[in-house]
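Engineer: Let me give you the structure first, and then I'll get to my questions.
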Amino acid sequence: MSDTDASTVRYEVADAVATITLNRPDAMNALTAEMKAALLDALVRARDDDAVRAVLLTGSGRGFCSGQDLREHVGNLEAGRGLHGTVREHYNPIIRALVETPKPIVAAVNGIAAGAGAGVAFACDLRIAAESAAFLMAFARVGLGPDSGTSWTLQRLVGRAQAMEMLMLAEPVAAGQAMALGLVHRVVGDAELADSARELAGRLAQGPTVAYGAVKRAVNFASVHDLDEALEREAELQEACAETEDHKEATLAFVNKQKPTFRGR
């Protein structure tokens, strides 16, 4: 087990799960430049660590993430720096890291996920929400369009019409409604969230890691390509998976009516 306690992002590895915790509870985990850099560093660290086979992302305190820290943003506006490059330099790399990391990523949404905070959650592979959680596309409330990949992820999760409503009206979506819309996969009691999310991440960490990476790559590719291209990409990924130890172990285990032990390679 390894543990790093940074001022804004905590990083811990146990049982092949990297837990990344956004850690500005007094500010509802609003994202400063320092915090965005620390989050990206943590995601890259989890991606590159062979001992990590699944990632769990959550927030400390009462909120998951309230999005951009507007106090810091006001300072940039007053200094004439506008967005100060934060979309291209911070948010875009974070979303790419979440989507492209070849390991399953679970978001445990423990409270409000607003703006970029919602975008971070939507870019994860699975989302478990506490009953008190809510999602808010807050961009229009401050005169901005979407960022953090929400123009791409949201309509793929809920459809174009619902995405437009959420982005334009900027009204909060409670956990139960979020599940009905397909924004989250499970809603649990607030007291159950941490254990439920750890259990799911732990289950994924014991699974066929390379195959999970292939699932992510195949689905992401198919979302922007035609059928023939998607079929060819599936063939390429399947051929690579067929060479893994996990595939060979699982196939033999199936034939012998045994339970396979996956090693992530």
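All of the numbers you see were taken from the coordinates with simple rules; none came from a lab. These numbers were taken from a predicted model, which means no experiment stands behind them. FYI the Cβ positions are ideal-geometry reconstructions off the backbone, even for glycines, and counts take in every protein chain you see.
Engineer: Compute the helix-to-body angle for 227-242: its Cα long axis versus the longest principal axis of the chain, expressed 0 to 90° and rounded to tens.
Structural biologist: So the helix axis and the longest Cα principal axis differ by about 60 degrees.
Engineer: Label-point separation (nm) for residue 34 and residue 192, each offset 7 Å from Cα along Cα-to-Cβ?
Structural biologist: In this crude spin-label approximation the distance works out to 3.8 nm.
Engineer: With N set to the number of residues, divide the alpha-carbon radius of gyration of the chain by 2.2 N^0.38 Å and report two decimals. Before the final figure, lay out each step's value.
Structural biologist: On the way: Rg = 19.0 Å, N = 265, 2.2 N^0.38 = 18.3 Å.
Output field value: 1.03.
Engineer: Another one. Place +1 on the Cβ of every Lys and Arg and -1 on the Cβ of every Asp and Glu in region 2-205, take the dipole about the Cα centre, and give the residue among 51, 29, 99 whose Cα lies farthest towards its positive end.
Structural biologist: After comparing all options, I get 99.
Engineer: Which angle between 0 and 90 degrees, to the nearest 10, do you get for helix 193-205 versus the longest principal axis of the chain when only C-alpha atoms count?
Structural biologist: In the chain, helix 193-205 runs at an angle near 40 degrees to the longest axis.
Engineer: Another question, if that's okay. Applying the Karplus parametrisation 6.51 cos²θ - 1.76 cosθ + 1.60 with θ = phi - 60° to the phi angles of region 208-216, what ³J(HN,Hα) value in whole Hz is obtained for each residue in order, glycine and proline being reported as x?
Structural biologist: Rounded to whole hertz, the list is x, 4, 5, 5, 4, x, 5, 4, 4.
Engineer: Oh, and also: Helix 33-48: angle to the longest alpha-carbon principal axis of the chain, degrees 0 to 90, nearest 10?
Structural biologist: Once rounded, one gets 0 degrees.
Engineer: Let me check against my output: what whole-number percent is the relative contact order of the chain, with C-alpha pairs under 8 Å and at least 6 apart? Intermediate results must be reported in sequence, preceding the final value.
Structural biologist: On the way: 499 pairs, mean separation 42.8, N = 265.
The value is 16 percent.
Engineer: Still on this structure, I have one more. Size of the dipole of region 209-255 about the Cα centre, Lys and Arg at +1 and Asp and Glu at -1 on the beta carbon, nothing else charged, in debye to 20? Present the calculation step by step, with values, prior to reporting the outcome.
Structural biologist: Working: 4 positive and 11 negative charges, 48 e Å.
Result for region 209-255 is approximately 220 debye, rounded to the nearest 20.
Engineer: Using a cut-off of 11 Å between beta-carbons, work out the net charge of the residues near residue 125 (Lys and Arg +1, Asp and Glu -1, residue 125 not included). Intermediate results must be reported in sequence, preceding the final value.
Structural biologist: Values: positive: 103, 127, 216; negative: none.
After counting each charged neighbour, the total is +3.
Engineer: Under 5 Å between amide hydrogens, which residues at least 5 positions from residue 32 or on another chain qualify, with H placed 1.01 Å from N in the peptide plane?
Structural biologist: 69
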